[in-house]
Amino acid sequence: MLELRGIHTFYGAAHILHDVSLEVRPGEVVALLGRNGAGKTTTMKSVMGLAEARRGEILYEGRPIRGLAAFAIARLGIGYVPEERRIFKQLTVMENLEVGRREPLEGARVWELDELFTLFPNLAERRENLGGHLSGGEQQMLTIARTLMGAPKTVLLDEPSEGVAPVIVEQMAHTIEALKAQGLAVLLSEQNVRFAERVSDRACIIESGRIQFDGAMAELAARPEVREQYLAL
Ligand code: ATP
């Protein structure tokens, strides 16, 4: 459903991604693993049209999307949850969620508020609180929940577990499992290998902008030398 083929991405003259290829199918969670600065965020931004992929192809549902405007890519049903939390601090949790509501595309899974509150009980308790009064982890949940209000078919999650309390990491794991069960495609960028191992079917390891491993999670688990070489464990 989402496929990158030989992507080369640049920030100005800086050549950051080199021949990156990867694929995420419906009902599948693919972990994009790598150290700080390896190119995980740049890969996601390349998909979203927020970083310049100058060469290669990006296909979404079989259609080339490289070079489209970011808003047009989002409208195809790709939800992006960036590393930095994007919530409206002056709006309540409920209002933040309402802002995320979009007309669903055909075949998209629509998430009801009650379901989101079941996935994220903290948000249910704080539904009338202002976004700015939430903890960092709760803001991260709210960003994910708001993205789901847009009924995406594919979700890109950039380091959702970073700097977040264990209880919230737990809720994120359940949420990712729910997305997979509902047939969404999930690309998950992570430095937390244990979290990624728990929720992902496959792993791609990126190092210095190059994919160094692409395979089943079980295969990675059986290759300690690969984990040691490319991941901070
Ligand atoms: P992190 O965990 O820190 O987010 P990452 O794997 O997501 O790491 P990227 O943010 O994709 O890494 O960064 C990849 C490389 O691109 C790094 O060397 C970084 O310094 C460089 N880079 C990122 N943003 C820019 C920019 N706007 N201009 C120039 N170089 C950049």
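Restricting to the stretch 128-149, name every residue that is in contact (Cβ under 8 Å) with a residue 40 or more places away in the chain and open to solvent by less than 20 Å² (accessible area, probe 1.4 Å).
G131, L134, Q140, L142, T143, I144, A145, L148, M149
Of the residues that make up the stretch 13-34, is at least one out of contact with any strand residue (DSSP E or B) (no Cβ under 9 Å at 6 or more places or on another chain), more than 13 Å from S189 (Cβ to Cβ) and surrounded by fewer than 22 Cβ atoms within 10 Å (Cβ to Cβ)?
yes
Quick check on the stretch 94-141: of everything there that is of a type in the set (D, E) and in a helix (DSSP H, G or I), which residue is nearest to G77 (Cα to Cα)?
E98
All but one of (1) among the polar types (S, T, N, Q); (2) within 16 Å of the ligand (Cβ to nearest atom); (3) open to solvent by 60 Å² or more (accessible area, probe 1.4 Å) hold for S189, so report the exception by its number.
The one condition S189 does not meet is (3).
When the residues of the stretch 51-65 are narrowed to those that are open to solvent by 80 Å² or more (accessible area, probe 1.4 Å) and without any contact (Cβ under 8 Å) to a residue 24 or more places away in the chain, which ends up nearest to the ligand (Cβ to nearest atom)?
Looking at residues that are open to solvent by 80 Å² or more (accessible area, probe 1.4 Å) and without any contact (Cβ under 8 Å) to a residue 24 or more places away in the chain, I get P64.
Yes or no, residue by residue, for (1) β-branched (V, I, T); (2) within 23 Å of S200 (Cα to Cα); (3) touching a Lys or Arg at 6+ places or on another chain (Cβ under 6 Å); (4) at pLDDT below 95:
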site	(1), (2), (3), (4)
E57	no, no, yes, no
Y60	no, yes, no, no
P64	no, no, no, no
R101	no, no, no, yes
A108	no, yes, yes, yes
L130	no, no, no, no
G136	no, no, no, yes
Q140	no, yes, yes, yes
A145	no, yes, no, no
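Report the residue count in the stretch 9-44 for those that are free of Cβ contacts under 8 Å to residues at least 24 places away in the same chain, outside any loop (DSSP other than H, G, I, E, B) and within 11 Å of the ligand (Cβ to nearest atom).
Matching residues across the stretch 9-44 total 1.
Of all the residues that make up the stretch 193-222, how many are of a type outside the set (A, V, I, L, M), within 13 Å of the ligand (Cβ to nearest atom) and buried (at least 19 other Cβ atoms within 10 Å of the Cβ)?
Qualifying residue count for the region: 2.
Could you tell me which of the residues A196, A218 is of a type in the set (G, A, S), under 23 Å from I78 (Cα atoms) and out of contact with any helix residue (DSSP H, G or I) (no Cβ under 7 Å at 6 or more places or on another chain)?
From the options A196, A218, the qualifying one is A196.
Collect the residues in the stretch 69-99 that are free of Cβ contacts under 8 Å to residues at least 40 places away in the same chain and either farther than 21 Å from L32 by Cβ or open to solvent by less than 20 Å² (accessible area, probe 1.4 Å) (or both), keeping them in residue-number order.
A69, F71, A72, I73, R75, T92, M94, E95
The values are calculated or read from the model by the stated rules, or taken from the named source; none is laboratory data. Just so it is clear, the model here is predicted, and its values are computed rather than measured. Glycine gets a Cβ as well: all are built from the backbone with ideal geometry, and neighbour counts include every protein chain shown. Keep in mind that these areas ignore ligands, DNA and RNA; they rest on the heavy atoms of the full protein, side chains included. Shrake-Rupley method; radii C 1.70, N 1.55, O 1.52, S 1.80 Å.
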